[in-house]
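FYI, it's all coordinate maths here, none of it is from the lab. Keep in mind that this is a model prediction, so the values were computed, not measured. Quick reminder, even Gly has a Cβ in these numbers, built from the backbone with ideal geometry, and neighbours come from all protein chains shown.
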Amino acid sequence: MAQIREIKKRIKAVGNIRRITNTMQMIATARFKSALDRATATKPYTEKVRTLVGELAASAGSVSHYLFQAPTPSPNRELLLVLTSDRGLCGAYNSNVLRTATTYLRSMERERRLEVVGKKGVLFYRFAGFDVARQHQFGEKPTYAAVEALAERLMQEFKEGMYDRVSVAYMKFISAGRQLPVVEPILPLSAPDQAGADTSTRTAEYEFSPDAESLLADLLPITVKTSLFQAINDAVVSEHVSRMVAMKAATDNAGKLSKTLRRTYNRARQAQITTELNEIIGGSAALG
């Protein structure tokens, strides 16, 4: 009897867990669709700005800008910005990003400086003994203004010669079924001869007014800002996808466990009924 009561409690507990994970799955699905709309809306603009900057730089010939080259003399220092989530229950999302970022950190030949977006990353690196210089919070709906402020600070510090290189580690969103943890440089930008499309395939000819350097001085910071904003949007979309998949798997597993427990409960109940019938029959035979 005690075993049957214990199984009934487990069935009830598993049912409660299944309802919770199913609700979290639906919430993650709704948030994923919203985040995907934001990410896909900004991507064409980001890619077009990069293409335009590349074509302008290639058409202008030799153009000098501080965002194109590491500072001289070299500070021998690199900044890595790691994008993680504030909340868990998103499968291997954080562990994959942190594993990739940590491997990159340990392979650095320069002095390293670490900045982290998200509570999970901060907790991990503090536990692992890494010094986190700054912590950032953008929430589930990062605004361009907040990302722009961070990008401007990074560009200013790069201009002042604090870093040779600025990179970002995040989960790149490729499709709903595939996300890839990557480390991508955002500063310095690619050199003019590598920044855009092949000049042999370029169909547009540009006349500059004002001059090319003035135009690029406006466009290059926008390229950095939009690239960082796109990376953060990709990270948010990937987080929601991972949570949606993880909660669906948890819901399915809870359903399978519930069926197994009910089968076990029915067998135990049947065994108890059989035992009680045998006792009744045995008692009746003894009295007769």
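On a 0 to 90 degree scale, rounded to 10, what angle separates helix 2-60 from the longest Cα axis of the chain?
It works out to around 10 degrees.
Amide H of Val117: which non-local residues (sequence gap of 5 or more, or other chain) have their own amide H closer than 5 Å, using H built in the peptide plane?
For Val117, the qualifying residues are Val82, Leu83, Thr84, His136.
So who's got an amide H within less than 5 Å of the one on Val168, skipping anything under 5 residues away but keeping other chains? H placed 1.01 Å off N, in plane.
Residues meeting the criterion, in which the H sits 1.01 Å from N, are Leu81, Glu184, Ile186.
Work out which GluC sites (Glu not before Pro) in the chain are exposed loop sites (DSSP not H, G, I, E or B, at most 11 other Cβ within 10 Å) and give the longest gap free of them.
No qualifying site falls inside 1-108, the longest such stretch.
Between helix 93-107 and the chain, what is the angle of the helix's C-alpha long axis to the longest principal axis, kept within 0 to 90° and rounded to the nearest 10?
50
Just need the relative contact order of the chain here, percent rounded to a whole number, with Cα pairs under 8 Å and 6+ apart.
RCO, the chain: 34 percent.
Using a Gaussian network model of the chain whose springs link C-alpha atoms within less than 10 Å, name the residue from Thr100, Thr72, Thr29 with the highest mean-square fluctuation.
Looking only at Thr100, Thr72, Thr29, the biggest GNM fluctuation is shown by Thr72.
Evaluate E = 1/(1 + (r/R0)^6) for Lys259 and Met26, where r is the Cβ-Cβ distance and R0 equals 30 Å; express this FRET efficiency to the nearest 0.05.
Efficiency, from the Cβ-Cβ distance: 0.85.
Residue by residue through segment 154-161, what is 3J(HN,Hα) from phi via Karplus (6.51 cos²θ - 1.76 cosθ + 1.60, θ = phi - 60°)? Round to whole Hz and write x for glycine and proline.
Listing the rounded values in order: 4, 5, 5, 5, 5, 5, 6, x Hz.
Any idea what Rg and Dmax come out to for the chain if you just take the C-alpha atoms, in Å?
Cα-based Rg and Dmax for the chain come out at 28.6, 115 Å.
For segment 131-167 and segment 15-87, what is the centre-to-centre distance using only Cα atoms, to the nearest Å?
Their Cα centres are 12 Å away from one another.
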